[in-house]
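The values are calculated or read from the model by the stated rules, or taken from the named source; none is laboratory data. Computed from a prediction, not measured in an experiment: that's the story for all the values here. Cβ sites come from the backbone with ideal geometry, for glycine too, and all protein chains shown count toward neighbours.
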Amino acid sequence: MDILYAIYLYIATALLFVFLAFVALILQIFIGKSIKNPKYPPVAGTVFDQVFYFNKLYDYQTKLAGKYHTFRLLAPGQSEIYTTDTRNIEHILKPTLICTPKDLLMRCTLDSIFRVGFGVDLNCLEGSSQKGSLFIKAFDDSNALVYWRYVDPFWKLKRFLNIGSEASLKKNIKIIFEFVDELIQTRREQLEMQQNCNDKEDILSRFLMESKKDPEKMNDQYLRDIILNFMIAGKDTTASTLSWFFHMLCKNPIIQERIAQEIIEVFSNQAGNEDGTSSIGDIVKKLNDEILEKMHYLHAALTETLRLYPAVPMDGRIAEKDDILPYCFRLKKGDGVYYMSYAMGRMIDIWGDDAHDFRPETWLNNGFFRPKSPFKFIAFHVCDIIYQFIL
């Protein structure tokens, strides 16, 4: 009997502690947050609500954004502010402004980045390079492992003990660093043998040439970080955008036909070939920046894809000090402010009644591409330099 009493006592004590912890968590979330103060954005729930809508998270956030243009989700010790208001976004970003098929596109994009950016053929598409294949796998696995740090409270302990996912991450990072270091060394040796050649088109070669002026600052570690930054910024985002672009073309055959017709017309006029019989091979050989600048409808279709399916659906900033947003909503130092480009691309009061439709004509004026305000079209986070560089 004493044993049963002890078991019941332990269970009751444990349940009491769980209940008290839950109450403490609720109090931590809801006390001192100025919930009904009109000077703060309205509360739409807690950050834990998003767990129940995880599979359709952006649709859930879009629904909230349709009701509140700026709202808060409460969390223990802080409040997360989400906004789709263009004035708020300008206020947040302007002060810091410095200027399957998907898998196939991922490999193609990585090949393009290495060829154009670093002057190297990685051959991801063909899979003929064993080192390249190991590098790609290590790079993708590292991204996934870093992501899981957000939900793993013991990752620092695992890193200290070098076990589990952190041990795998360390191994993958070693593979990445060795591959990139070898790439830098190989490219440096190639440049030494081509001293009389002034054609240094790839980005890595230009950085290597500049590093001779300040070798201490622009060392191999600096160059390695440059390469990895280009890869992180360009690989998944470009492939994802192209995936959605082809998806929208398949759903809109008339737009697909207009793009194809524009390409034929531009190349026909460029080559003086009036019957428009250029082959795919001819088009690839003759393609350059001058020709691309004449493809206004293609430019508009790509931009419209980014409006509806931005590569980064949500981003944000952390308030460095107390601040007040344009609509008089107060921010405390340390509050997160998140702007939702996915939701904004579908807002009727920003883009009109046809906001949900795929209409490249939105970006055209008398047949010429005309950009919108970067605080309205925020797929590139108000950085026009990045926008022009990518497109």
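Close Cβ contacts (under 6 Å, 6 or more residues apart or on different chains) running from residues in segment 159-188 that are closer than 13 Å to Phe139 by Cβ and in the same structural domain as Gly119 (by TED's automatic domain parsing) to residues that are among the acidic types (Asp, Glu) and surrounded by 14 or more Cβ atoms within 10 Å (Cβ to Cβ) comprise Asn172/Asp141. Gly164 meets all of the listed conditions (1) at positive phi; (2) at pLDDT below 80 but one, namely (2). For Leu122, the requirement of being aliphatic (A, V, I, L, M), over 21 Å from the mean Cα position of the chain (by Cα), closer than 19 Å to Thr237 by Cβ and modelled with pLDDT under 85 is met.
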